[in-house]
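The values are calculated or read from the model by the stated rules, or taken from the named source; none is laboratory data. Everything numeric here is computed off the predicted structure, so don't read it as measured data. Cβ sites come from the backbone with ideal geometry, for glycine too, and all protein chains shown count toward neighbours. Note: accessible area is taken over every heavy atom of the protein model, side chains too, but ligands, DNA and RNA are not part of it. Shrake-Rupley method; radii C 1.70, N 1.55, O 1.52, S 1.80 Å.
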Amino acid sequence: MTRGMASENDSSVKEFILLGLTQQPELQLPLFFLFLGIYVVSIVGNLGLIVLYVLNPHLHTPMYYFLFNLSFTDLCYSSVIVPKMLVSFVKQNTISHAECMTQLFFFAFFVIDECYILTAMAYDRYAAICKPLLYQVTMSNQICHLMMVGVNVMGFVGAMAHIVCMLNLTFCDDIINHYMCDLPPLLKLSCTSTYINELVIYIVVGVNVTVPSLTIFISYTLILSNILGIHSAEGRSKAFSTCGSHVIAVSFFFGALAFMYLKPSSVSGDEDKVSTIFYTIVGPMLNPFIYSIRNKDVHIALKKTLKKSMFA
């Protein structure tokens, strides 16, 4: 089998070449160190929030429980993508068919998980601000755990739907114009009909973007209405501060995701790569800072943890 095209006797290619982010040699080394730095910051930030949650009982509330799960998800799916991406900056990056499908599965699983974790966080803020007297009942530990089970079920079902459809395709070309095994660039390599795959993409992505987006929008509409009814300027400021970071993270994530998968087919592969960077690499790096910079509880937990480690 020659590179770039499977032989007529093969049903499909057995190995793919990932072209990476760019083919310009002068950019390879600077981009390698840039994304390595972003990845290290992402790992340290998300792992830091996970450790703070585990070591500080006063953070064991629904809000930080979902933040803990968000950090774990960001840690996982950036690790699914970035290490393989870095390889493409220093040498030809090959990936077997099985590895490619595995990467795609976990990528889809963690991205869908993130959609619903952000939704759960919005509902948590709605319950805390709009229904404070019922908050302990509405967001009990049991309910929070059940919500996370639901999150993971949605992630698994969505990821499996993509993988099952992808495994039914025959690939004729083996060069993926991307730094990862993502749906759009893989479909371009198929020499069989991709109609079902494209339909599944619109259904799965449509449901997993539209339902969370509407839920978050309704939650924050009700929250805003409630905040405007607060007479205390201090109370309004605290409520806005609590929700502001989440709104930024949600807008960033869903905006990039919708552009990537619900865009017209005329959008180029290079634009695909750029939009994917925002929610697979930049987002996981920014989330720990978005949620902790103005968060007094996290600051207190960090100081306590540092004191303990210094005097241990």
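For semi-axes √(5λ) of the Cα gyration tensor in Å, several values are listed as (i) 33, 25, 20; (ii) 39, 23, 17; (iii) 26, 24, 20; flag the one computed from this structure.
Computed from these coordinates, semi-axes √(5λ) of the Cα gyration tensor in Å corresponds to label (ii).
Simple spin-label model, 7 Å along Cα-to-Cβ: Leu34 to His145 in nm?
Taking the two extended label points, one gets 4.5 nm.
List, in the order given, every pair from Lys273/Lys304; Lys131/Lys296; Lys84/Lys188; Lys84/Lys308; Lys91/Lys273 whose Cα-Cα distance in the structure shown is over 30 Å.
Too far apart for the 30 Å limit: Lys273/Lys304; Lys84/Lys308.
In straight Cα distance, which aspartates and glutamates are under 20 Å from Lys307, not counting same-chain residues fewer than 8 positions off?
Candidates past the 8-residue exclusion: Asp297.
About the Cα centre of the chain, how large is the charge dipole given +1 on each Lys and Arg Cβ and -1 on each Asp and Glu Cβ? Please answer in debye to the nearest 20. Each step should come with its number before you reach the end.
Values: 17 positive and 18 negative charges, 288 e Å.
I would put it at about 1380 debye.
Can you pull the one-decimal nm distance between simple spin-label points at Leu214 and Val153, each 7 Å off the Cα toward Cβ?
Once both label points are built, they end up 2.0 nm from each other.
Rounded to the nearest 500, what is the 222 nm mean residue ellipticity of the chain from helices alone, with -39500 (n - 2.57) per DSSP H run of 4+ residues and division by all residues?
Values: 11 runs with 225 residues, N = 312.
Counting only the DSSP helices, I get -25000 deg cm²/dmol.
Helix 97-130: angle to the longest alpha-carbon principal axis of the chain, degrees 0 to 90, nearest 10?
That helix lies at roughly 20 degrees to the long axis.
Taking amide H positions as placed in the peptide plane 1.01 Å from N, state which residues far from Glu15 in sequence (5 or more) or on other chains have amide H under 5 Å from it.
Under 5 Å from the amide H of Glu15: His97.
Sort by residue number and report every cysteine in the chain with no other cysteine beta carbon within a distance under 4.7 Å.
For the chain, the answer is Cys76, Cys115, Cys130, Cys144, Cys165, Cys243, because their Cβ atoms have no other cysteine Cβ under 4.7 Å.
Roughly speaking, to the nearest percent, how much of the chain's 1.4 Å accessible area is carbon and sulfur?
That share works out to 69 percent.
Using a Förster radius of 35 Å, what is the FRET efficiency between Thr221 and His60 based on their Cβ-Cβ separation? Nearest 0.05, please.
After rounding, the FRET efficiency stands at 0.75.
Measuring with a 1.4 Å probe in the full set of protein chains, what accessible area per residue, in whole Å², belongs to the chain? Display every interim value, and only then the final one.
Numbers: 15430 Å² over 312 residues.
Result: 49 Å² of accessible area for each residue.
Compute the distance from the alpha-carbon center of segment 138-205 to that of segment 29-100, in whole Å.
One Cα centre to the other: 20 Å.
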